[in-house]
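Visitor: Before I ask anything, here is the structure I am working with.
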Amino acid sequence: MPDAATAQQPESESARTAGWTAVLSLPCLLTVDLPVAFTAKGILEMGLQTVVSTSCRVGADIPLRVNGELVAWGEFGVAGNRLVLRLTELA
């Protein structure tokens, strides 16, 4: 039986991915689902630098899907001058 010090050591990156080496380089499509309502006229009127409103609140959990399967929830934030998506919960 491992002692308490051994049991609390974090898992290394190589230990976490050891069984996944065959699939780590497979391409995946990550999608973020944002509820946005449009009319056909609104879509046709879109152009460069169009700002689109969404019903999402700041800090609201947003579903993330990989190849169509829900894998996590996240929220948008800002880091420097970039829009980022922070994972908040795994599905």
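Visitor: Are there any pairs, at least 6 apart or on different chains, whose C-beta atoms fall under 9 Å, with the first in the range 13-38 and within 25 Å of residue 86 (Cβ to Cβ) and the second basic (Lys, Arg), and if so, which?
Guide: If the second residue must be basic (Lys, Arg), the pairs left are 29/65; 30/65; 31/65; 32/65; 33/65.
Visitor: Please determine whether any residue of the range 12-31 is modelled with pLDDT under 80 and assigned to a loop (DSSP other than H, G, I, E, B).
Guide: yes
Yes or no, residue by residue, for (1) of a type in the set (Val, Ile, Thr); (2) surrounded by 10 or more Cβ atoms within 10 Å (Cβ to Cβ); (3) over 15 Å from the mean Cα position of the chain (by Cα):
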| site | (1), (2), (3) |
| --- | --- |
| 21 | yes, no, yes |
| 39 | yes, no, yes |
| 44 | no, no, yes |
| 51 | yes, no, yes |
| 57 | no, no, yes |
| 66 | yes, yes, no |
| 69 | no, no, no |
| 78 | yes, no, no |
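The values are calculated or read from the model by the stated rules, or taken from the named source; none is laboratory data. Since we're looking at a predicted model, the values are computed, not measured. For neighbour counting, all protein chains shown are included, and Cβ atoms are generated from backbone atoms with ideal geometry for every residue, glycine included.
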